[in-house]
1. For the range 10-26, name all the residues that are at negative phi and free of Cβ contacts under 8 Å to residues at least 60 places away in the same chain.
2. Using beta carbons and a limit of 7 Å, which pairs, at least six apart or on different chains, have the first residue in the range 82-98 and small (Gly, Ala, Ser) and the second one assigned to a loop (DSSP other than H, G, I, E, B)?
3. For the range 103-116, enumerate the residues that are touching a strand residue (DSSP E or B) at 6+ places or on another chain (Cβ under 7 Å) and under 11 Å from VAL23 (Cα atoms).
4. (1) within 20 Å of HIS47 (Cβ to Cβ); (2) within 14 Å of the chain's Cα centre (by Cα); (3) at pLDDT below 95: which one isn't true of THR120, the others all being true?
5. Among the residues of the range 42-69, write down those that are among the polar types (S, T, N, Q) and in contact with a Gly (Cβ under 9 Å, 6 or more places away or on another chain).
6. Any residue in the range 30-44 that is touching a residue at least 12 places away in the same chain (Cβ under 8 Å) sitting within a Cβ distance under 8 Å of a residue that is surrounded by 15 or more Cβ atoms within 10 Å (Cβ to Cβ) and among the basic types (Lys, Arg)? List the pairs, counting only those 6 or more apart or interchain.
7. Looking only at the range 68-117, filter to residues that are in contact with a Ser or Thr (Cβ under 8 Å, 6 or more places away or on another chain) and under 17 Å from GLN41 (Cβ atoms); which one of those is surrounded by the fewest Cβ atoms within 10 Å (Cβ to Cβ)?
Amino acid sequence: MSAHSDIETHHGFEVSTTVQDGVVVVAVLGEVDMATAPVFQEVVDEHPGEFMVVDLCSCGFMDSSGVAVVIRRHRLDPERLHVACVPKGATARIFEIAVQKTIPIHASVEDAVAALQHLT
């Protein structure tokens, strides 16, 4: 079950939230960089303490400022955050270096939601 919640846009970047089976899904479309990371952070911060999937399946690029948003959320509640679809290339390398297998990463949103449902 999915329910639309909110969409924030900024110069070709879009972040939306939905709820799928009790899990908040924050979907990123476009590129996350120093200009758009604050918008991404704001949306993530709107859901403290909730089970969350950060959906990067439509994210073309994320620099270290975007990865920092994910890491900050993970540090606040490490058991409640999973990531779906890390973008290829430089972003994958940034995740590999920064995350070092501490944040669960899944091939799809559905897989991430299913994994979090086992924790609820």
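1. Across the range 10-26, the qualifying residues are HIS10, PHE13, GLU14, VAL15, SER16, THR17, THR18, VAL19, VAL24, VAL26.
2. ALA84/SER108; ALA92/VAL86
3. Answer for the range 103-116, where residues must be touching a strand residue (DSSP E or B) at 6+ places or on another chain (Cβ under 7 Å) and under 11 Å from VAL23 (Cα atoms): VAL109, ALA112, VAL113, ALA115, LEU116.
4. (2)
5. Selection gives SER58 alone.
6. Filtered contacts from the range 30-44: VAL44/ARG73.
7. My answer is ALA98.
The values are calculated or read from the model by the stated rules, or taken from the named source; none is laboratory data. Given the structure is predicted, the values throughout are model-derived calculations rather than measurements. When we count neighbours, we look across all protein chains shown, and the Cβ atoms used for this are built from the backbone with ideal geometry, even at glycine.
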